[in-house]
Amino acid sequence: MGARLAAPPTGDAAARFLATFNLVVAGVSWPEIEPKHGQFNWEALDKLVAWTHENGLRLCMGPLLQMDKHALPDWLFLEDSYEEVHLSATKFIDAVVNRYRGKVQLWHVTARLNQDGAFAFAEEQRLRLVVDGVDRVRAIEARTPLVVSFNQPWAEYIARKDQELTPINFADTLIRGELGLAGIGLEIHYGYWPGGTMPRDAMDTSRLLDRWSQIGVPLMVFVSAPSSMGTDTMARHPAHPLVDLRAGGINPAWQQEVVERLFPVLLAKHTVQAIVWDHWQDNQPHELSCAGLIDATNRPKPALEAIAKLRQQLLGS
């Protein structure tokens, strides 16, 4: 069980992280690491890697490539050709993996390439990006496990734009291609739109996991849910909580209810090898609005207590 960090937590937040999680997912922000083409700033990521190792935690790094507009550097222009984008992306992947070679237990290579993203590339082009990204990491780190992840695993986005491959078809194509992936990641951003997951009950989630388990590889589930409808200036993603998620609006208790409803289902599935809360702290840069387990005033939310309690009850540690 883990959470995504943008920077090392401190004080009480650090103690709570260490008491609850044994995995750090180190977010890789291409715009921050390579703000100018060919010029890299590793300071923040170096500090997070060092903190992870100092505290004996396992480290997953990535995604190395995500084609959402906010995840791309400003110097990568939307009118650039596919070949230009492909070349820049593979060079960035090479740079990150070469720097942290031997320090990472799991590489999260690509995310959300089942959707067209900022460039609206064709499915065949996005498949090639995934395959070539995996090949680049494998060429540098031959033995470290690799995963790729898929957003909207229920395929809500196909109602907006018809595509040949559903998320599970996309994943199955990659697995059948024998790329050597150690697992598949599912992103369940509960209650956000556009780009998130529509409200689902525990039975729907169970059926989804059973369906994805048929691919035959372990699953890594990335989860988030909002705790407020308020403004979040640190959020990068344009998605917002659905206004009718809960009568009276969203609050931290509702986020806690999502944890208590979904986590037991995830923990019950033997194919789910890792669960990651995709946002740790609201006062650090993050993707989705008000999804952290630590609020903007550095106080823990009830959802964090719920995860810690479930871990103790169901995993015994």
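Values quoted throughout were computed directly from the atomic coordinates according to the rules given, and no laboratory measurement underlies them. Nothing here was measured: the structure is a model prediction, and the numbers come from that model. In this analysis, Cβ positions are derived from the backbone assuming ideal geometry, glycine residues included, and neighbour counts consider all displayed protein chains.
Full extension of the chain between Q214 and A182 gives 10.0 nm of extra length, using 0.36 nm per residue less the Cα-Cα distance. So, in nm, how far is label N169 from label D244 when the simple model puts each one 7 Å beyond its Cα toward the Cβ? So the two model labels end up 3.0 nm from each other. Modelled this way, with points 7 Å down the Cα-to-C-beta line, the labels at N298 and T233 are 1.8 nm from one another. For the chain, what is the number of Lys pairs with C-alpha distance below 17 angstrom, counting only pairs 8 or more positions apart or on separate chains? For the chain, qualifying lysine pairs total 4. Stretching the chain fully between K103 and A253 yields a gain of 50.3 nm (0.36 nm per residue, less the alpha carbon separation).
With a simple spin-label model that places each label point 7 Å from the Cα along the Cα-to-Cβ direction, the separation between E32 and E305 comes to 2.9 nm.
The convex hull built on the alpha-carbon positions of the chain has an orientation-averaged projected area of 15.2 nm². Think of the chain as having a plus end and a minus end, set by charges on the Cβ of Lys, Arg, Asp and Glu; of P285, Q105, V221, Q105 sits farthest toward the positive end of this dipole. This model, with +1 at the C-beta of Lys and Arg and -1 at the C-beta of Asp and Glu, gives the chain a dipole about its Cα centre of some 900 debye. Of the residues W51, Q115, Q255, the one whose Cα sits farthest toward the positive end of the charge dipole of the chain, with +1 on the Cβ of Lys and Arg and -1 on the Cβ of Asp and Glu, is W51. For the stretch 198-213, putting each phi into the Karplus relation 6.51 cos²θ - 1.76 cosθ + 1.60 with θ = phi - 60° gives couplings of 5, x, 9, 8, 5, 5, 4, 5, 4, 4, 4, 4, 4, 5, 5, 5 Hz, in residue order, rounded to whole numbers and with x for Gly and Pro.
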